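Rule-based calculations on the coordinates, nothing more; no lab input. As the structure is a computational prediction, the values presented were derived from the model and not from experiment. With ideal geometry, Cβ positions are generated from the backbone for all residues, glycine too; neighbour counts draw on all protein chains shown.
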Amino acid sequence: MIETGIRLCQFLVLMTFVTLHNTQAAEYTVHGIADLRVSYIDSVDKGYLNSGQGKLGLGDGLHFSLAQLGADISVSWENGFSAHGIVNAYPKASGGGESTVLGITEAYLKYRSLPTSSGYRLQTKIGIFYPEISLENNAYAWASKDTLDSSTVNTWIGEEIRVLGSELKVTRLGRLNNDKYDLSVSATAFMNNDPAGALLSWHGWTISNRQTLWTEKRPFPWFPARADGQALAGQADKSDPFLELDHRVGYHVRGEWKLRGKGELSAGYYDNRATPYKVIDGQYGWRTRFYHLGARWRFSQNLSLTAQYLSGDTLMQSQNKVDVVNNDYASGFVALHYNWQAISANKKHKSTVRVEDFSVTDNDNTWGDNNNEQGQALTLNHSYRLSKPWFLSAEFTLIDSHRPARYYTAQPVDLIEKQWQLAARYFF
Amino acid sequence: MVSHPFLLRSALIPYYVVLASFLLISLTSWTAEACSTENSNCVQVKVNNIKNIPLENMVVYLEPLAGQVLPQQNEKVTISQHSKSFIPYISVSQSTAPVSFENKDDITHHIYSADSENKFSFKIRAGKTDSKTQFNHAAEIAMGCNIHDWMSGYLLIVDTPYFAKTDAQGLASFSLKELGKYRVVVWHPQMRTENNRMFLEKDVLTNDAVIVTLKQGMDEIPAQKSDEDFDFLSDY
């Protein structure tokens, strides 16, 4: 793991020098976000970030936090090469937050060619990055653009899906073909995402703005199968989602159709091809596969939609190849955004309503590890652009979930959680 | 009989002056509207759509067909990048005339032309001007930005100094150095004709007026606007 990281860094540094050597003008840019929040939560004691059974990042009570401090540092050259490093910090929130962490979330080298005369463009990425799945987290440092907290789908992507790999993307630009639409297809081959699926199985779907840092280990709730002598006694206390355990290459493919001025439709498939019975230092391989669908559509100048759906399975076995965790999972959301242009100038007000439905279906017979879950969530956000970089937001989230595993820690199986947040977000 | 030489009667001179100046004023006001220089051969081209409604921003240019002498139009053409769009959408210039790109945005643009004969690309940083690009022959150049895919602009390079874009009344005016036979060409990237052009051959007379009516509708001009209304996207 560390060795791979070192090799990657060496490669990136080498590539940086190679590209530097070949060109003259390098442009350095630093962008980012600072997100100051006050949150009031009505849930259980501990949020999922602190190994609790709550579906929100923090537990019951009032919290003040610097919810994200992210920087997107890049160097780009005239020849289409660019190098990117994204650093995120999550300082400890008041009122029982997890400890402060700081680290890298993405680091990659990118090349984007110029379109050919027939309108084809090639883009490649190599390094640590997110497979292109989220339609929400496209602001700097993977911040969510229209809401403070991401949907369940993308909170999971931010937590467990990250790859060390190489992506190749071909785009056909409609502009150069007298078509109103652009088409793109991409394929990624990757390593280092073998334990993905563990956290989703053990804490279910969650809602927050937290991303797992590269090499960071994340906690999950206690359940009886972890006790000595039980099926999962060998599992480490924390899951380390970005590990390579079996040296098998995983892949992600994606296609996108984009109609200029209207929106886009996309579909993709992810398979980490992990060996489910491989275990190293308490970290198991989880064979995780899912497909995902996405849509963004502008109905009018003011009204637009974002929707995603993700569905798949994950399998983890004992060393003698008996299923220990075998789950199916699905989650989808529909978000409507309204720009209040008619009422106030400069697009200063924007409202978002997001509804979600999520589930995990446990297909194995492991005692003391019930992963079943069903739930729905509603998020209401209103954001006001105070000045060019400052956004003030108020957000309400309601999660209604049925999760039998809460019984293990004497918490209600059926739970309604509420969160009220006020935030000042500064983008630079 | 000895014929009398023609003499101006001094008493009539004031009348002649008034008359002449009246004529001159009406003539200059006409040329000021129609042509850029006085005492020239003025020709006006009007472009109408299929429903006979005048079309604005159509490029009209005149190519000599009888070996007429052409002056060189060396006026610099400036193409701005403003609010992540090319302004103007269509620029025209004569070959070898200087072309200048001005980035009025606070971000970098990566301007390119993918056309195999006129390929070029350069990055232009916030607030900078780039005048390195020059074109030595007639060409139709579709420009884009490799960072902002919705940006789209055109530069038409012609081999004649007689080019203009139609105004709100659909009019383009030219003051020709020499009259005679010309090919009148109307061009627009969204014109539904071969090579986006219409041709008309015409023996141009003094103060001539030519009307060109399109035989088909025009394609929609693509909006140079991002689908996203958020300024802090991490896409490049």
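Things to note:
- In Hz, Karplus ³J(HN,Hα) per residue of region B:57-64 (6.51, -1.76, 1.60; θ = phi - 60°; x = Gly, Pro): 6, 8, 7, 10, 9, 10, 10, x
- Mean Cα-pair separation over length for chain A, i.e. relative contact order, pairs under 8 Å, 6 or more apart, %: 13 percent
- Model label sites at A:GLN376 and B:GLU194, defined 7 Å from Cα along the beta-carbon direction, differ in position by 6.2 nm.
- Converting phi to 3J(HN,Hα) with the Karplus coefficients 6.51, -1.76 and 1.60 and the offset θ = phi - 60°, region A:261-273 yields x, 10, x, 8, 10, 9, 8, x, 9, 10, 8, 7, 6 Hz in sequence order, with x at every glycine or proline.
- C-alpha center-to-center spacing [region A:228-246, region A:350-420] in angstrom: 26 Å
- Normalising the Debye intensity of region B:115-236 to I(0), with uniform scatterers on Cα atoms only, and taking log10 at q = 0.16, 0.21, 0.22 Å⁻¹ returns -1.02, -1.39, -1.45.
- Charge dipole magnitude, Cβ of K and R +1, D and E -1 - chain A, Cα centre, debye nearest 20: 1640 debye
- Karplus-based coupling profile of region B:190-200, in residue order and whole Hz: 9, 6, 8, 9, 5, 6, 6, 9, 10, 10, 8, with θ = phi - 60° in 6.51 cos²θ - 1.76 cosθ + 1.60 and x standing for Gly or Pro.
- Separation of the B:ASN57 and A:ASN177 label points, Cα + 7 Å toward Cβ, nm: 2.6 nm
- The calculated FRET efficiency for the pair A:HIS349 and A:ASN320, based on their C-beta separation and a Förster distance of 51 Å, comes to about 0.30.
- Qualifying GluC sites (Glu not before Pro) for region A:59-137 [loop in DSSP, other Cβ within 10 Å: at most 16]: A:GLU78
- Cα-derived Rg over Rh, computed across chain A with Rh taken as Kirkwood radius: 0.96
- Build a GNM of chain A with springs between Cα atoms under 10 Å apart, and of A:ASN372, A:ASN326, A:ASN138 the one that fluctuates most is A:ASN138.
- The trypsin sites (Lys or Arg not before Pro) found in region B:117-194 that occupy coil by DSSP, while having at most 16 further C-beta atoms within 10 Å, are B:LYS119, B:ARG125, B:LYS128, B:LYS132, B:LYS177, B:ARG192.
- Förster-model FRET efficiency, 30 Å R0, A:ASP237 and A:VAL413, C-beta, rounded to 0.05: 0.75
- Arranged from fewest to most other beta-carbon atoms within 10 Å of their beta carbon, A:ILE33, B:ILE141, A:ILE73 become A:ILE73, B:ILE141, A:ILE33.
- Charge dipole (Cα centre; +1 on Lys/Arg Cβ, -1 on Asp/Glu Cβ; no other charges) of region B:73-159 amounts to roughly 320 debye.
- CD proxy at 222 nm, helix term only [per DSSP H run n ≥ 4: -39500 (n - 2.57); per residue of chain A; nearest 500]: -2500 deg cm²/dmol
- Taking the Cα centre of region B:42-199 as reference, the dipole from Cβ charges on Lys and Arg (+1) and Asp and Glu (-1) amounts to some 100 debye.
- Relative exposure of A:THR288, A:THR397, A:THR409, judged by other C-beta atoms within 10 Å (fewest first): A:THR409, A:THR397, A:THR288
- Ranking A:PHE81, A:THR116, A:ALA227 by how far each Cα lies toward the positive end of the dipole of chain A (charges on Cβ) leaves A:THR116 at the top.
- Region A:227-294: translational diffusion in µm²/s, Stokes-Einstein, Kirkwood Rh over Cα pairs, 37 °C, 0.692 mPa s: 226 µm²/s
- Cα centroid separation - region B:150-178 against region B:101-123, whole Å: 22 Å
- This ranking places B:PHE120, B:PHE232 by how few other beta-carbon atoms lie within 10 Å of each, fewest first, which gives B:PHE120, B:PHE232.
- R0 of 25 Å, Cβ-Cβ distance B:THR96-B:LYS119: FRET efficiency to nearest 0.05: 0.85
- Tensor-based shape of region B:27-178 (alpha-carbon gyration tensor, a/c under 1.5 rounded, otherwise prolate or oblate): prolate
- Fraction of alpha-carbon pairs over 22 Å apart in region B:73-159 - percent: 16 percent
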